[in-house]
Each structure stands twice: as structure tokens, then as C-alpha cells.
Amino acid sequence: MIIPSIRSESIIYAVRDVTLIAENAAKRGKKLYYLNIGDPNQYDFDTPEHLKSAVIEALKVNHHNGYSHSSGIQVAREAIRREAEERKKIRNIQEIFITTGASEAIEICIAALCNAGDNVLCPTPGYPLYSAVLGKYNIEYRPYYLVEEEEWAPSAEEISKLIDKNTKAIVLINPNNPTGALYSIPTLEKLVEMALRNNIVVLSDEIYDKLLMDNLKHTSIAGLSSELPCVTFGGISKNYLAPGWRIGWGVVSGPHEKTKLYVEAINKFLRARLCANHPMQFAIPAALDGDHSFLKDVIQRLQKRRDLSIQKLSAIPGISVVKPTGAFYSFPKLQIEGEDEDWVKGLIQSTGVVVVHGSGFGEREGTKHFRFVFLPDEETLNLAFELIEQYQRLWLSGKRDFSNE
């Protein structure tokens, strides 16, 4: 028997794990309502045509089918720089690199920064990629709790108490997955001051920074201080509706003397894995420099579906929700007996509505939540929320076992 590594035992990815329960429900004849995957292309959204054309031209006309430079093609890196400087107001840019999705950029930056036994402060609730990557490198995942009563904002005062001599970085996800929270400038300014005072790197995941509702604007934390050592992550997967293309990037900023060794380490990892998908990189300048009018329709649909979701969920006994303002996720609170994972399993088995348990993203002890996406059309959302309401009433009445339904 081949024995797998110990590190594999700690890898849990709740977003995908619930699909196994859903597949079993489908085998029993349940119609499934997928509210669990943050992939716009699984619903009624499509990648803009000008991005498709740029990739087709790179593939078929210009024959860019070999390796690229390990950091990415120059025309794409220049487009990322322009956006970082002009829209995000980031100064002191030291390096720009393109990766296989933002997830690869995140892993490389953590691996280049931390040793086994170091710790990284991560938002809780937060995206489970971070705990998986940190576990793989034997780096401590140290959670800081977002404050639900303050629209899921982080507290710089509480975060400061978690910092010790082994703390290397703090992760921000802004807008946040899974809560949909967008952080205010005063909140970000406090985090800048805290990071500078403690000499730690900020890893700022801004993959949803153009998907904002209620006419809100995004502020990049790196744009608030040229002295802050920061890596800002982006990509085309969410904002530009092309998650399967797996193209992301990182922008390293801060004083040269502070960041130069870190940049060299990042580039060692980049060279070791050769390059990101070459032809797909040509979608970056098409996206960042091209027509953004498609976003108006995307945001209008998302806001309408967000509002419908909040209205329906808020009317269900035992469920409350903070209104999300960014991305396409919501993280409602459950006031129930039992565990949220059991609640979600029962929901899938009895109704076919697929959501993700809050404990899969981390949550404050004693609280229970679930995450859903409001990407589906209004008819699907209405049907799903009717089923959730029926199920929740049964749960509150004392029924717990839905395994045979």
C-alpha cells in the first residue's frame, strides 16, 4: 500500500467537497440547484468577446504557443502596471508577474516569504486556499476574525494582539470571499499603520475589485502608502468572467531596500515553474485596456439578484444576513441547534439546494453560517429560497435526519 503524505490530511476544500454530497443526491433523483461555486460561466454570464478574440489571435495568427518569459509577456505586464498606477494609485512598484490564476501567485508569494514555523494572519471567514497552502509548507495559519456586527470588517486592534516575532504577513481579501464585504478607507489605513509598525508584509487579494454594488468604489491598500511592503493580487477570472483560463498576477510594491530580496526569491519560484499559459496572457491587455461596458450589465444583474436574495433570506426564521456589497457571495447566519455542516448536508439531501457550510471558511466559535452565490437567475434563486425556507422550518421543528430523503 502506498501511504500518502501527512500534509495531505490537512487539506480540506469545502466548496468542492459538498459536490460529493450533491452527486449522491442527484443519483437518488434530486434536481440540484447549485448555489455553491463562484464560477459565473456556470450560470448566464459569458466571457467578453474582445478577450476571446485576443486569445484566438495569439493562438492562430501570431502562433504564441511556446513558453513565455517566466514573469509573463511584456505587453501584459505593462497593462497591469498602468492599471496599478492609474486606477489603484500604487507607487513604488518593484515587480509584476503573471501566474496560473491568482492562486499560484498567492502560493509563490507565501513560499518565498515564510519558513516552517512562521505564521500568517488570515481573515476568518476567508477563502480556504490560504489554509491549504500554509498547511502544505508547515506554516501556521493564524486566524483573525472579521466582525459580523460591523459588516464583516477586520479590526486592526484585535489583529495586533495576534502578532509575534514569527508573524511574516497578513492576508486581506477585499472584497471578501465568502462574506462579500468591501473594506472602508479608515479600516485599511489602520491596517497599513499596523503592518508598518510590525514590519510585516500585506498580501492583498483583490480578485473581485471591479464587482462592486451600490455605486461603491474599491480602494487598494497598497495605494494608501508607498512605504508599505505589499503584494496585490488580481486576475481575469472574476472581473472578466474567465475563471477557466487560469490567468492571474501579482504586483509587489514598497521600498526597494525592503523588498529587493523578497522579489528575488519570488522570481526564483517563477523561473522554476517556467511560465503561465502563454496565449492566455494576451487576454490581460485586452481586458485591462479594453472595453469595460459589459461590467454595467453584470453589476446590474448581480445587484438585482443580491437584493432578491437578501429579501427572501431575511424573511426565513432563524436566518439573518449582512448585505454584501462586493463579489457575488453572501454569508448568512444560522440560529439553529446543531452544526452548520449537518444543516448543509441535510439541505442538499432533502432539497437539492447546494450551498457550503460556514465552518468550511472558518467562523467565530459558537456561530453558524452558510455561504451561497447569487449568480443564478432570479427564477432559480426564488425556487432555491422556497426550498431553504421549507427545510429550515422542518429543522427548527426538531427534524435532523434527512439522509433518506
Looking at segment 187-230 only, could you name the residues that are in contact with a Ser or Thr (Cβ under 8 Å, 6 or more places away or on another chain) and either outside the structural domain of LYS168 (by TED's automatic domain parsing) or of a type in the set (Asp, Glu) (or both)? GLU206, ASP209, ASP214
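Among the listed residues ILE80, ILE21, identify the single one that is in contact (Cβ under 8 Å) with a residue 40 or more places away in the chain and surrounded by 18 or more Cβ atoms within 10 Å (Cβ to Cβ).
Details: ILE21 fails: surrounded by 18 or more Cβ atoms within 10 Å (Cβ to Cβ).
Unique residue meeting the criteria: ILE80.
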Considering only residues that are assigned to a helix (DSSP H, G or I), among the aliphatic types (A, V, I, L, M) and touching a helix residue (DSSP H, G or I) at 6+ places or on another chain (Cβ under 6 Å), which ones fall in segment 190-202? LEU191, VAL192, MET194
Which one of these is more than 26 Å from LEU129 (Cα to Cα) and at pLDDT below 90: ALA79, ALA25? ALA25
Based on this model, can you work out whether ILE110 counts as assigned to a helix (DSSP H, G or I) and within 21 Å of LEU196 (Cα to Cα)? yes
Taking ILE266, is it out of contact with any His (no Cβ under 9 Å at 6 or more places or on another chain), under 18 Å from ALA169 (Cα atoms), touching a residue at least 12 places away in the same chain (Cβ under 8 Å) and assigned by TED's automatic domain parsing to the domain that holds LYS217? yes
Say we look at segment 299-309 and pick out the residues that are buried (at least 19 other Cβ atoms within 10 Å of the Cβ) and touching a helix residue (DSSP H, G or I) at 6+ places or on another chain (Cβ under 8 Å); which of these is farthest from GLN74 (Cα to Cα)? SER309
Screening ILE2, ILE6 for residues that are modelled with pLDDT under 80, loosely packed, with under 14 Cβ neighbours inside 10 Å and more than 17 Å from the chain's Cα centre (by Cα) leaves only ILE6
Starting from residues that are of a type in the set (Ser, Thr, Tyr) and outside any loop (DSSP other than H, G, I, E, B), keep the ones in segment 238-286 and report whichever is nearest to ARG301 (Cα to Cα). SER253
For a quick check of your reading of the model, give me the residue pairs whose first member lies in segment 134-147 and is touching a residue at least 24 places away in the same chain (Cβ under 8 Å), whose second is of a type in the set (Lys, Arg), with beta-carbon atoms closer than 7 Å and at least 6 apart or on different chains. GLY135/ARG7; LYS136/ARG7; TYR145/ARG364
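Consider ASP214 carefully, then state whether it is charged (D, E, K, R) and crowded, with 20+ Cβ neighbours inside 10 Å. It would help to see each step written out before you state the result.
On the way: charged (D, E, K, R): yes; crowded, with 20+ Cβ neighbours inside 10 Å: no.
Answer is no for this residue.
Would you point out which residue out of LYS296, LYS312 is over 17 Å from LYS210 (Cα atoms), surrounded by fewer than 21 Cβ atoms within 10 Å (Cβ to Cβ) and either outside the structural domain of VAL55 (by TED's automatic domain parsing) or more than 20 Å from the chain's Cα centre (by Cα) (or both)? Before the answer, list the steps.
Working: LYS296 fails: over 17 Å from LYS210 (Cα atoms).
The match here is LYS312.
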Looking at segment 163-189 only, could you name the residues that are assigned to a loop (DSSP other than H, G, I, E, B), under 20 Å from ILE200 (Cβ atoms) and not aliphatic (A, V, I, L, M)? ASP164, LYS165, ASN166, ASN174, ASN176, TYR183
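Taking segment 147-162 as the search range and keeping residues that are of a type in the set (A, V, I, L, M, F, W, C) and not in a loop (DSSP other than H, G, I, E, B), which one is farthest from GLY366 (Cα to Cα)?
Here the answer is ALA156.
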So, in segment 354-405, of the ones that are buried (at least 20 other Cβ atoms within 10 Å of the Cβ) and in a loop (DSSP other than H, G, I, E, B), which residue ends up farthest from the chain's Cα centre (by Cα)? LYS368
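The values are calculated or read from the model by the stated rules, or taken from the named source; none is laboratory data. Since the structure is predicted, the reported quantities are computational estimates derived from the model, not experimental observations. Positions of Cβ are generated from backbone atoms using ideal geometry, with glycine treated the same way; all protein chains shown enter the neighbour counts.
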